[in-house]
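Written below as structure tokens is the structure these notes are about.
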Amino acid sequence: MSKRSPAYAAMLLTVVAGITIFAEDQGRDPIEINARKIVTEADLNPIAIPKQPNRESKGLRTRVLFITKEGCERCQSELSRLRAPGGDFEKLQSTGWRIGVGPNNHIQIIDYADIPELMKLLKVTEFPTVACIVDGEIVRSFKDGCTTPLDVWTFGWLIKGENERPKTAISEAARVESTGNYRLRGNHWTVEGDPNPSKEVVLKHLRGIHGNSSLAYGTIENWSTEELRSLHDDIHEREGGGVAATYGGPTYAQPANRSLDAFSGARKVTGR
């Protein structure tokens, strides 16, 4: 048998990897496939914020929108909390994040009236609203009141799609409807391109695209919308390459265990 060159071996590995990715994507929602590939192509190192070229007036191709409304007291309250000395924005900025009103910021603070088309898709009436856009399309968003606080870990997940929150982190109290069948999470992926899907849409998607996985949870028709969305998010991340971890009950999607040190953990989601 003749020896193959290193270049030939590398080419063969690339072809095999491409076939594997293609096979894994069969039967999946195209929107979810596209969002996952964008994240992969960006080479989002867990200890470095994504390096992105500015696209002139369009700004960063991937950024988090912190959407406010004029006269909204909660918007001002949240911004004051995030901007406080030693607060989440300061931690993010100290590790390379840019935060401001322009599109070249990793977190862009913007009034809802300036993005009417995106607001039609978000279909929200509560402010502030926080969502991640990639090339102008919403791929991930944050839902307040689902036990997940809006902090450095949430902003890290929004921009990278990777949950790096320490397992020891304390969640907030739930303020949304729950039947107790599934634990809530406030970090949501879109469902068939819809960042704010109805219960019927989520159910149809779970029973369709994720039919094999959702069957393991039995009757889910009576679950609350937020529980269904949380199940979808976990399944999506698990099937999309996340590492599952068991918490004394059902298996939930979680990232591989990394350092639980508070400072090093913050660096992982926020910067260098």
Checklist entry - Can you spot a residue in region 165-186 that is among the acidic types (Asp, Glu), open to solvent by 40 Å² or more (accessible area, probe 1.4 Å) and part of a strand (DSSP E or B)? => result no
Checklist entry - In region 142-161, how many residues are surrounded by 19 or more Cβ atoms within 10 Å (Cβ to Cβ), out of contact with any strand residue (DSSP E or B) (no Cβ under 8 Å at 6 or more places or on another chain) and under 22 Å from GLY96 (Cα atoms)? => result 5
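Which residues, counting only those in region 213-228, are in contact with a helix residue (DSSP H, G or I) (Cβ under 6 Å, 6 or more places away or on another chain) and open to solvent by less than 10 Å² (accessible area, probe 1.4 Å)? Talk me through it step by step, then tell me what you get.
Going residue by residue through region 213-228, those that are in contact with a helix residue (DSSP H, G or I) (Cβ under 6 Å, 6 or more places away or on another chain) are 213-214, 225, 228.
Residues satisfying the conditions are SER214, LEU228.
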Checklist entry - What tally of residues in region 64-100 results from selecting those that are closer than 16 Å to ASP111 by Cβ and either at pLDDT below 90 or not β-branched (Val, Ile, Thr) (or both)? => result 13
Checklist outcome for this item: Counting only residues that are open to solvent by 70 Å² or more (accessible area, probe 1.4 Å), in contact (Cβ under 8 Å) with a residue 40 or more places away in the chain and over 18 Å from VAL134 (Cα atoms), region 54-93 contains a total of 4
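Quick check on region 106-141: of everything there that is assigned to a strand (DSSP E or B) and open to solvent by 30 Å² or more (accessible area, probe 1.4 Å), which residue is modelled with the lowest pLDDT?
GLU137
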Checklist entry - Which of the residues that make up region 166-209 are in contact (Cβ under 8 Å) with a residue 40 or more places away in the chain and within 23 Å of ASP88 (Cα to Cα)? => result PRO166, LYS167, THR168, LEU184, ARG185, GLY186, ASN187, HIS188, TRP189
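The values are calculated or read from the model by the stated rules, or taken from the named source; none is laboratory data. All of these numbers come straight from a predicted model, not from anything done at the bench. With ideal geometry, Cβ positions are generated from the backbone for all residues, glycine too; neighbour counts draw on all protein chains shown. Keep in mind that these areas ignore ligands, DNA and RNA; they rest on the heavy atoms of the full protein, side chains included. Shrake-Rupley method; radii C 1.70, N 1.55, O 1.52, S 1.80 Å.
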